[in-house]
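Just so you know, all these numbers are worked out from the coordinates, no wet-lab data involved. None of the values given here were measured: they were computed from a predicted structure. So basically every Cβ, Gly included, is an ideal-geometry build from the backbone, and we count neighbours across all protein chains shown.
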């Protein structure tokens, strides 16, 4: 009986600690590797025009949050995105109202699905997405590049503008 109570107590303690996001997070994003200025180009899939000398300034805006200011060639926009470690890539995903508008539900900020060997991106995908959900960008940690597809809308068309840049 004493062994049972000891095991039960250990189980309860582990259950509470496994739901603590701060202690359980596997999101090892190295902000020093992604924050900075990227120089690249934009491709507009509606006009088939590429614009060079476009910049993306990436700044840290929170624990798992970045601000992207992309500008040049008549383009100027700012986005706030969540970031998730995924090995050689740091993945980005919308947050707040933008997430809800894109995917039809709120983002679950809990990280209780921390499975051995899985990345923060794996956990985010399992907790918040279905397989058909589209994501719009990432950082390649090996070649220090960033890409993002901006979804645009004018009076008649939905189209995308694709940014590809390399960190200066």
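Things worth noting here:
- Projected label distance in nm at residue 43 and residue 132, using a 7 Å step from Cα toward the beta-carbon: 2.6 nm
- The stretch between residue 59 and residue 118 holds 18.6 nm of extra length on full extension. This uses 0.36 nm per residue minus the Cα-Cα distance.
- Neighbour-count order for 83, 29, fewest beta carbons within 10 angstrom listed first: 29, 83
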